[in-house]
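So the structure is just underneath, and the comments pick up after that.
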Amino acid sequence: MARVHFYEKPGCANNARQKQMLREAGHELIVHDLLATPWRAGELRLFFGDRPVAEWFNRAAPRVKAGEIVPESLDAEEAIASMLADPLLIRRPLMRVGERREVGFDPDTIRAWIGLGSSLQTADADPESCRRPHPCPAREDSIGR
């Protein structure tokens, strides 16, 4: 199975479920704190590939939900600069296996890429959507980077 570098927001219930699915599929995870990682623009950009800029963003991020950041109105350079300043804006998880990088947790993409067991239940039909009734609080040390 694959050795997956998994960039998460510590304490995120969705990331916990995603990691569990990957481990149940037999993958080895090397877990990183997405918010504490000292990102460089070029390195972060590699995770997004040819996806539209709007798909790079965590839609549950407080600044996106409040309308302060409108992903559809940003170009790639502005998006990366915003994410470097506020990593909560980065769509999660970021995953790397070898040289390939992915953003988000799309079971079909992961299944075709590295394999994913049948642990995805109907209740987990969208393992990327946050089930919390309120947004996650911003981490003080992630603001102003």
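Which one of the conditions (1) surrounded by 20 or more Cβ atoms within 10 Å (Cβ to Cβ); (2) within 17 Å of Phe105 (Cβ to Cβ) does Leu44 fail to meet, given that it meets all the rest?
Failed condition: (2).
When the stretch 1-12 is examined, which residues are found to be open to solvent by 50 Å² or more (accessible area, probe 1.4 Å) and either of a type outside the set (Gly, Ala, Ser) or more than 16 Å from Ile90 (Cα to Cα) (or both)?
Scanning the stretch 1-12 gives Met1, Arg3, Pro10.
Kindly list, by first and then second residue, each pair from a residue in the stretch 34-47 that is within 18 Å of Ala16 (Cα to Cα) to a residue that is of a type in the set (D, E, K, R), limited to pairs with Cβ atoms under 7 Å and residues at least 6 apart or on different chains.
Pairs found: Leu34/Glu8; Leu34/Lys9; Leu34/Arg92; Leu35/Lys9; Leu35/Arg139.
If you check Glu102 against the conditions, is it farther than 20 Å from Met1 by Cβ and either part of a helix (DSSP H, G or I) or modelled with pLDDT of 95 or more (or both)?
Spelling it out, it is not the case that Glu102 is farther than 20 Å from Met1 by Cβ and either part of a helix (DSSP H, G or I) or modelled with pLDDT of 95 or more (or both).
Suppose we keep only residues that are more than 13 Å from Pro93 (Cβ to Cβ) and outside any strand (DSSP E or B) within the stretch 20-34. Which one would you say is least open to solvent (accessible area, probe 1.4 Å)?
Ala25
For the stretch 110-132, does any single residue satisfy the condition of being crowded, with 16+ Cβ neighbours inside 10 Å, outside any helix (DSSP H, G or I) and at pLDDT below 55?
Scanning the stretch 110-132 turns up at least one residue that is crowded, with 16+ Cβ neighbours inside 10 Å, outside any helix (DSSP H, G or I) and at pLDDT below 55.
The values are calculated or read from the model by the stated rules, or taken from the named source; none is laboratory data. On a predicted model such as this, the values are computed, not experimentally measured, just so you know. Glycine gets a Cβ as well: all are built from the backbone with ideal geometry, and neighbour counts include every protein chain shown. Accessible surface areas use protein heavy atoms only, side chains included; no ligands, DNA or RNA. Shrake-Rupley method; radii C 1.70, N 1.55, O 1.52, S 1.80 Å.
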